[in-house]
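Colleague: One structure is given below, represented as structure tokens, and several questions about it will come after.
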Amino acid sequence: MATILLVNDEKILRTLIAAGLRRSGHRVLEAGSAGRALPLAARRKVDLLITELRLPGCSGLELTSRLRESSPEAAVLFLSRSPYPQRLERKARRNGCPVIREPFDVADLLGEVAALLPRPSSLRKPPSSKTVERPESVRRSR
């Protein structure tokens, strides 16, 4: 189970995203601003930060930089609702962080989350050591 810090100043959207993440088995810490997010991150290891590129008082890029002081391994996924996001989005992508533009489908967001988080070793399939048998119909034709 990953710990995800979700920072979004729109409470309804934050609640909707958090519900989807929790249904997928993640622990979700919610904050409406960077000022509220940083104390949460200081108390726990964060595996993934999901944040708006533009936040009141602090950009998502600045929040990412500050979060990485306490959780340097945390992955980051940015959300963007700006009609003119190109400059911030380019900067985020240059730093290796994906950006999802709003509006988006929660299923698409969950797919991005799954791609960013490492799979637990208990879910990884071990290499197959058994031999593959040919179906009966293939064996008879020889």
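The values are calculated or read from the model by the stated rules, or taken from the named source; none is laboratory data. The structure presented is a predicted model; accordingly, all values stated were derived computationally and were not measured. Ideal geometry is used to build each Cβ from the backbone, glycine not excepted, and the neighbour counts take in all protein chains shown.
Colleague: Among the numbered conditions (1) surrounded by 18 or more Cβ atoms within 10 Å (Cβ to Cβ); (2) touching a helix residue (DSSP H, G or I) at 6+ places or on another chain (Cβ under 7 Å); (3) not in a loop (DSSP other than H, G, I, E, B), tell me where Thr64 comes up short.
Modeller: In the conditions (1) surrounded by 18 or more Cβ atoms within 10 Å (Cβ to Cβ); (2) touching a helix residue (DSSP H, G or I) at 6+ places or on another chain (Cβ under 7 Å); (3) not in a loop (DSSP other than H, G, I, E, B), Thr64 misses (2) alone.
Colleague: Specify which of the listed residues (Ala34, Ala18, Ala42) is within 15 Å of the chain's Cα centre (by Cα) and modelled with pLDDT of 90 or more. So that I can check it myself, show each step before the final result.
Modeller: Details: Ala34 fails: within 15 Å of the chain's Cα centre (by Cα); Ala42 fails: within 15 Å of the chain's Cα centre (by Cα).
Result: Ala18 is the single residue among Ala34, Ala18, Ala42 that is within 15 Å of the chain's Cα centre (by Cα) and modelled with pLDDT of 90 or more.
Colleague: Would you be able to tell me the number of residues in segment 35-58 that are closer than 19 Å to Leu13 by Cα and touching a strand residue (DSSP E or B) at 6+ places or on another chain (Cβ under 9 Å)?
Modeller: The total comes to 11.
Colleague: Condition check: loosely packed, with under 15 Cβ neighbours inside 10 Å, out of contact with any helix residue (DSSP H, G or I) (no Cβ under 8 Å at 6 or more places or on another chain) and not small (Gly, Ala, Ser). Does Arg22 satisfy that? Quick ask: steps written out before the conclusion?
Modeller: Numbers: loosely packed, with under 15 Cβ neighbours inside 10 Å: yes; out of contact with any helix residue (DSSP H, G or I) (no Cβ under 8 Å at 6 or more places or on another chain): yes; not small (Gly, Ala, Ser): yes.
For Arg22, the condition - loosely packed, with under 15 Cβ neighbours inside 10 Å, out of contact with any helix residue (DSSP H, G or I) (no Cβ under 8 Å at 6 or more places or on another chain) and not small (Gly, Ala, Ser) - is met.
Colleague: Quick check: is even one residue across segment 75-92 in a loop (DSSP other than H, G, I, E, B), closer than 21 Å to Val113 by Cβ and modelled with pLDDT of 85 or more?
Modeller: Our first condition is that a residue be in a loop (DSSP other than H, G, I, E, B); within segment 75-92, this holds for 81-85.
Still in the list and also closer than 21 Å to Val113 by Cβ: 81, 85.
Filter once more, so that each one left must be modelled with pLDDT of 85 or more: none.
No - not one qualifying residue is present in segment 75-92.
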